[in-house]
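Below is one structure, written out as structure tokens, with a few remarks after it.
Values quoted throughout were computed directly from the atomic coordinates according to the rules given, and no laboratory measurement underlies them. Being a predicted model, the structure only gives us computed values, none of them experimental. When we count neighbours, we look across all protein chains shown, and the Cβ atoms used for this are built from the backbone with ideal geometry, even at glycine.
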Amino acid sequence: MKLLASLFLPTYPDPPGLKVVSNGVAVARHLGSALDAVIVNVDIPDVSNALSSFLLDLPAKIREVNAASRSRGKELLELIAAEAQRCNVPLTSQALKAQPALMGDVAAKEGRYFDLCMVGWTAKNQATQATAEEVVFSSGRPTLILPGDEDVIPLDHVVVAWDGSRVAARAVADAKPFLERASTISIVTVTDEKVLPREDTGDRLAHGLVARGFSATAESIHAGDNEIGAALQDHAIRINGGLLVMGGWGHSRLRDFVLGGATEGILSDLRLPVLMSH
């Protein structure tokens, strides 16, 4: 069965880094999947009155912002179409629109129709970070968060962050297409962050993966004074991991995210591709 992957590209207030386009296509090629490019343009409604129109020319400013968003979206679609053709990746595309506060919500709802969601992440770009959060926690699909400023292929060394929790188990199951294509799988457990269900929890997962025909080993690390998200990424980079797999912990109260420590650390400072499941 061919996988269907989606790549979400918000265009307001700033688009993601251009590397997200080539990275998304490269991942689809790696998985042998079809790709749907989803542009999310802003649609700011005209809420002006006669006074604001006279003093600020607000309707014209709104039209200008909406038009700029659509223009960026068109450019991104052209770039991804050219890249998909070059890499022989089946591509469909669509352009959605949403009010500024609902761009991530629109992306998450569309993501439910795919096997894998991909979102870009760019430092100091609130649009990409907010979209990533919403898709991770509201789409119901595994979400691959891609750096927007550097290449992400190869993904042949997969690092799994494991603590024996439900969300970690969900992430391992969702990572199967990546695990099947990996030459090396490293299970890493942080031992000084929380009480673990058993002392050998990482070894237990590694043994199960080996029994299924994968090449997997387990090791434990200490976060020490580091934030757990930073510790996991530091370790993955140190052992030349190409992809970090982890569960996403968090929930939403009146649309204000309350994130777990590891999740918050990843979403605030992404340094390698992370597949996150909730």
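Provide GLU134, GLU199 in ascending order of the number of other Cβ atoms located within 10 Å of each residue's Cβ, fewest first. It would help to have the intermediate numbers written out before the result.
Values: GLU134 25, GLU199 11.
Ranked by crowding around the Cβ, least crowded first: GLU199, GLU134.
Setting aside same-chain residues fewer than 8 positions from LYS124, which lysines have a Cα under 21 Å from its Cα?
LYS19
Please name which of LEU3, GLY213, LEU31 has its Cα lying farthest along the dipole of the chain towards the positive end, using unit charges on Cβ (Lys, Arg +1; Asp, Glu -1) and the Cα centre as origin.
Checking the options against the dipole of the chain, the answer is LEU3.
Using 1/(1 + (r/R0)^6) with R0 = 51 angstrom and r between the beta carbons of TYR113 and ASP57, what's the FRET efficiency to the nearest 0.05?
Between TYR113 and ASP57 the formula returns 0.80.
Report the charge-dipole magnitude of the chain in Debye, nearest 20, computed about the Cα centre from +1 at each Lys and Arg Cβ and -1 at each Asp and Glu Cβ.
The calculated dipole for the chain is roughly 780 debye.
So how far apart, in nm, are the two label points at ASP192 and HIS207 if each is 7 Å from Cα heading toward Cβ?
2.7 nm
Which of the three applies to segment 4-147, rounded, prolate or oblate, going by the alpha-carbon gyration tensor with a ≥ b ≥ c and a/c under 1.5 meaning rounded?
Cα axes put segment 4-147 in the prolate bin.
Which value, in debye to the nearest 20, gives the size of the charge dipole of segment 121-227 about its Cα centre, when Lys and Arg are +1 and Asp and Glu are -1 at the Cβ?
Charge dipole, segment 121-227, about its Cα centre: 560 debye, nearest 20.
If neighbour count is taken as other Cβ atoms inside 10 Å, put ASP192, ASP36 in order from fewest to most. The partial results should precede the final answer.
On the way: ASP192 11, ASP36 20.
In order of increasing Cβ crowding within 10 Å: ASP192, ASP36.
Between LEU4 and ASP200, what length in nm is gained on full extension when 0.36 nm per residue of separation is reduced by their alpha carbon distance?
Length gained between LEU4 and ASP200: 67.0 nm.
Return the FRET efficiency for the residue pair SER183, LEU18: r is the Cβ-Cβ distance, R0 is 30 Å, and the value is rounded to the nearest 0.05.
About 0.55, to the nearest 0.05.
For every helix of n ≥ 4 consecutive DSSP H residues, a contribution of -39,500 (n - 2.57) applies; sum these over the chain, divide by its total residues, and give [θ] at 222 nm rounded to the nearest 500 deg cm²/dmol.
Values: 10 runs with 116 residues, N = 278.
Calculated at 222 nm, the ellipticity per residue is -13000 deg cm²/dmol.
How much length is gained on full extension from ASN240 to ALA95, taking 0.36 nm per residue of separation minus their Cα-Cα distance?
Gain in length upon complete extension: 48.6 nm.
Would you mind classifying the chain by shape? Square roots of the alpha carbon gyration tensor eigenvalues, ordered a ≥ b ≥ c; an a/c under 1.5 is rounded, otherwise it is prolate if a/b is larger than b/c and oblate if not.
Values: a/c = 2.47, a/b = 1.67, b/c = 1.48.
Prolate shape, in that a/c is at least 1.5 and a/b is the bigger ratio.
Compute the distance in nm between two label points, each set 7 Å from the Cα along the Cα-to-Cβ direction, one at LYS124 and one at ALA67.
Each label point lies 7 Å from its Cα, and together they span 2.9 nm.
When CYS87, CYS117 are ordered from fewest to most other Cβ atoms inside 10 Å of their Cβ, what list results? Show your work: numbers first, answer last.
Details: CYS87 15, CYS117 28.
Ascending Cβ contact count within 10 Å gives the list CYS87, CYS117.
Cut-off under 24 Å on the C-alpha distance; same-chain residues fewer than 8 positions from LYS2 excluded. Which lysines are left, in chain and number order?
Cα-Cα hits under 24 Å: LYS109, LYS176.
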